[in-house]
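Input: a single structure, listed below in structure tokens.
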Amino acid sequence: MNKRSIAAPTILVATTALALAPLYRSGDIPIPLHHALHAVMMAGAALAGILFAGSLARERRSGVPWLLVAMFAPVIAMLLMWPSQYSYFEQHPYGHVAEHLGLMFLGFTAGYGGQRYANGIGWASGMGIVAMAVLSVWGYGVGPAAATKVAVAKSLALPGASPNVAQGTTLFAQNCAVCHGVGGAGGEGPSLKNERVRKPLPAAEAWIENPAPPMPKLYPGTLSAQDVADLAGYIETLR
Ligand code: HEC
């Protein structure tokens with residue numbers, strides 16, 4: 001056993017332990033840190049892939065298909081970090097772990113495939129996939145830039161409506177608890193605990209006004225502008 005053949009599995013095991021984190025650690029971490037951890041996972045997996053490919057005998061390497069593999073892995077990783085998928089995965093620990101393992105697989109594939117195509121290419125393709133995850137720390141590629149989001153949320157927020165949390169509690173029990181559970185604990189719809197981390201007040205208001213299916217759009221109609229503000233105000237208090 002040479003050093004390389006020990007290093008690759010060790011890195012892979014450590015990275016997998018990190019990828020399983022949502023199973024044993026619940027609670028919220030800031031979104032940028034979350035993406036940074038994705039980058040670490042992909043970096044670990046890509047490095048392991050490079051080392052594995054490097055430990056093969058030289059004559060068993062090369063082949064154009066490996067270049068294609070190395071090129072497509074980052075593209076698929078980009079799709080995995082798509083915002084709607086992402087928020088779903090984030091709500092379900094097993095889905096979240098599946099997403100992590102998917103990202104690791106793609107990181108590994110990028111490093112391994114590139115290195116099998118030609119010595120050194122694995123580092124380029126591995127770095128490419130990690131750079132993408134690092135960029136997403138600042139919101140690149142996973143959604144509109146943060147500044148745009150705030151501007152959109154502000155333009156949608158209703159002027160002058162300041163939330164009445166007691167009223168919001170009642171409205172929530174009437175309109176939302178069927179799906180989100182009593183106190184927002186979760187049910188058919190995702191848990192809304194710590195929602196303020198994911199959606200600050202203006203974003204929560206904007207979401208309630210314009211939710212994505214299957215969540216019903218109740219504004220305007222069932223809910224008034226003031227109701228939306230009250231509901232959003234209440235949700236922000238959940239933890
Ligand atoms: C028919 C079931 C249903 C009802 C009723 C419902 N929701 Fe939802 N809600 C969902 C589902 C499903 C999602 C996840 C949608 C997604 O992520 O694409 C969601 C997502 C949300 C989110 C965003 C969670 C996140 O990921 O940040 C908020 C906030 C929310 N709902 C608030 C409310 C409020 C307030 C009400 C009552 C006015 C309500 N919902 C009523 C099903 C429902």
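Brief remarks follow.
- Single unsatisfied condition, residue 161 versus (1) within 13 Å of the ligand (Cβ to nearest atom); (2) modelled with pLDDT of 55 or more: (1)
- Top-ranked residue in segment 174-188 [being in contact with a helix residue (DSSP H, G or I) (Cβ under 9 Å, 6 or more places away or on another chain) and part of a helix (DSSP H, G or I); ranked as surrounded by the fewest Cβ atoms within 10 Å (Cβ to Cβ)]: 182
- Only one entry in 218, 231, 223 is within 8 Å of the ligand (Cβ to nearest atom), of a type in the set (A, V, I, L, M) and either assigned to a helix (DSSP H, G or I) or in contact with a His (Cβ under 6 Å, 6 or more places away or on another chain) (or both), namely 231.
- Selection within segment 174-194 - among the small types (Gly, Ala, Ser) and near the ligand (Cβ under 6 Å from one of its atoms): 189
- Conditions (1) of a type outside the set (D, E, K, R); (2) near the ligand (Cβ under 9 Å from one of its atoms); (3) not in a helix (DSSP H, G or I); number of the one not met by residue 171: (3)
- Checked against the criterion of being in a helix (DSSP H, G or I), within 7 Å of the ligand (Cβ to nearest atom) and more than 23 Å from the chain's Cα centre (by Cα), segment 195-209 contains not a single residue that satisfies it.
- Residues of segment 43-77 that turn out to be part of a helix (DSSP H, G or I) and at pLDDT below 75, as a count: 3
The values are calculated or read from the model by the stated rules, or taken from the named source; none is laboratory data. What you see is a predicted model, and the numbers here were worked out from it, not measured in a lab. Cβ sites come from the backbone with ideal geometry, for glycine too, and all protein chains shown count toward neighbours.
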